[in-house]
Each structure stands twice: as C-alpha cells, then as structure tokens.
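Notes follow the structure.
Coordinate-derived values only; no laboratory data. Here the structure is a predicted model, which means the values were calculated and not measured. When we count neighbours, we look across all protein chains shown, and the Cβ atoms used for this are built from the backbone with ideal geometry, even at glycine.
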Amino acid sequence: MNIQTVGNQIALLRKQKGLTQNELGERLNVSFQAVSKWERGETLPDTALLVDLAEILDTTVDFLLTGGSKALSYKGKITVSDMMEGIRCLKTMGELLGKENIIYRYAIEGINEKMNTDIEPSFTDDYLFECFVTEAIIQNLKAGAYIDLTDVKKHFKHEHFRDIVLDYARKYDIK
C-alpha cells in the first residue's frame with residue numbers, strides 16, 4: 001500500500017463529493033489537519049474511521065486503500081433479475097401476509113424510514129420500481145458484489161437508471 005496514493009485517492013474523492021477538508025473532518029470527528037495529513041500522504045486514517053470515511057466518500061475501504069488502482073476480489077455476483085425479484089418479493093409479502101400484517105408493515109416502514117422514501121408506489125410504477133432496483137444494485141456494489149454489464153444493459157427499460165448502475169459499476173472497476 002502506497003500511503004501517498006491513498007492520500008491522493010482520499011483528496012480526489014473528497015473533492016468529487018464537494019467537501020472541504022474541514023467538512024470531511026467534522027463528519028468524522030477529526031480535525032481538518034488530520035484530513036490534510038492523510039491527503040499529503042503523511043499519515044493514514046485510523047482503522048476505526050475507514051468504514052465511515054468510505055461511506056462518506058461513497059466508495060469502499062478496499063478502493064480507498066488501494067488508491068483506486070485495483071479492485072480486490074468481488075464478494076459474489078448479483079444479477080439485475082435477482083434484484084428485481086427481491087423488490088417484487090416485498091410486494092408479494094404484502095399480498096400474502098396482508099398489508100396490515102405487522103411483519104409486512106415493519107418491513108415497509110423500516111425501508112421507508114431508513115431510505116427517507118415510500119417504496120410501495122414502486123410496486124405499480126415501472127419507473128419507481130427501477131429506481132429501487134438501482135438502489136439495491138448500488139448497495140450490493142458498495143458491499144463488494146460483481147455485476148455483469150451486459151446484464152445491466154439488457155434488463156433496464158429506463159436509460160437513466162441503466163446509466164447510473166453502469167457508472168457505479170465502472171467506479172468499482174467492473175468492466
């Protein structure tokens with residue numbers, strides 16, 4: 001691991017997110033001087049900060065520590081079809097258990113609260129459905145999953161969401 005390359009990667013990602021060193025430091029409860037030292041390659045972030053740093057910079061710890069030069073091995077493969085089926089299963093849960101069933105309600109309320117959204121309209125709206133499928137794919141990519149780009153190109157109806165997934169895949173060095 002090249003400490004200078006890691007520092008350059010942190011600086012690049014921070015700037016892409018439109019954050020100042022001070023803002024990044026505040027979000028991590030460290031000084032802007034600490035962030036500056038990371039970016040100059042003088043020190044590395046404390047290991048306890050790496051997960052939060054990666055989350056703020058919308059990347060993975062692996063990507064940070066390799067300086068963006070290579071991706072480590074993927075943690076499984078996902079498909080667009082599986083992600084679509086996963087979202088459909090939520091709808092099916094409501095149909096089978098009943099929409100007022102506590103298990104269904106808590107699942108939906110948990111998603112809505114954590115994502116600050118309302119997932120149920122996506123069960124009948126193709127555009128919203130693909131929006132949630134896109135989010136499911138992105139979360140898996142962030143967790144280290146691999147997705148075949150031809151699969152992405154083949155399954156999305158809406159170019160906008162297809163392009164978002166392709167951009168994220170490239171970000172994680174999926175070609």
### Query
Is there a residue in the stretch 38-48 that is in a helix (DSSP H, G or I), surrounded by 14 or more Cβ atoms within 10 Å (Cβ to Cβ) and touching a helix residue (DSSP H, G or I) at 6+ places or on another chain (Cβ under 8 Å)?
yes
Checked the stretch 114-139 for anything of a type in the set (Ser, Thr, Tyr) and touching a residue at least 24 places away in the same chain (Cβ under 8 Å); matches are SER122, TYR127, THR134
Those residues of the stretch 8-27 that are crowded, with 16+ Cβ neighbours inside 10 Å and within 21 Å of LYS171 (Cβ to Cβ) come to a total of 8
Looking across the stretch 148-175 at residues that are in contact with a helix residue (DSSP H, G or I) (Cβ under 6 Å, 6 or more places away or on another chain) and β-branched (Val, Ile, Thr), the single one that is farthest from GLU55 (Cα to Cα) is VAL152
Going through (1) closer than 21 Å to GLU130 by Cβ; (2) out of contact with any strand residue (DSSP E or B) (no Cβ under 9 Å at 6 or more places or on another chain) one by one, ILE78 fails only at (2)
Pairs returned, first residue in the stretch 140-165 that is within 28 Å of ASP62 (Cα to Cα), second residue that is small (Gly, Ala, Ser), beta-carbon separation under 8 angstrom, 6 or more apart or interchain, are LEU141/ALA169; GLY144/GLY76; ALA145/GLY76; TYR146/GLY76; ILE147/ALA169; LEU149/ALA169; ASP151/SER81; VAL152/ALA169
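Could you tell me how many of the residues in the stretch 10-33 are in a helix (DSSP H, G or I) and either in contact with a helix residue (DSSP H, G or I) (Cβ under 6 Å, 6 or more places away or on another chain) or aromatic (Phe, Trp, Tyr) (or both)?
First, pick out the residues of the stretch 10-33 that are in a helix (DSSP H, G or I): 10-16, 21-28, 32-33.
Of the ones still in play, those that are also either in contact with a helix residue (DSSP H, G or I) (Cβ under 6 Å, 6 or more places away or on another chain) or aromatic (Phe, Trp, Tyr) (or both) are 10-11, 14, 21-22, 24-25, 27-28, 32.
Residues flagged as in a helix (DSSP H, G or I) and either in contact with a helix residue (DSSP H, G or I) (Cβ under 6 Å, 6 or more places away or on another chain) or aromatic (Phe, Trp, Tyr) (or both) within the stretch 10-33 amount to 10.
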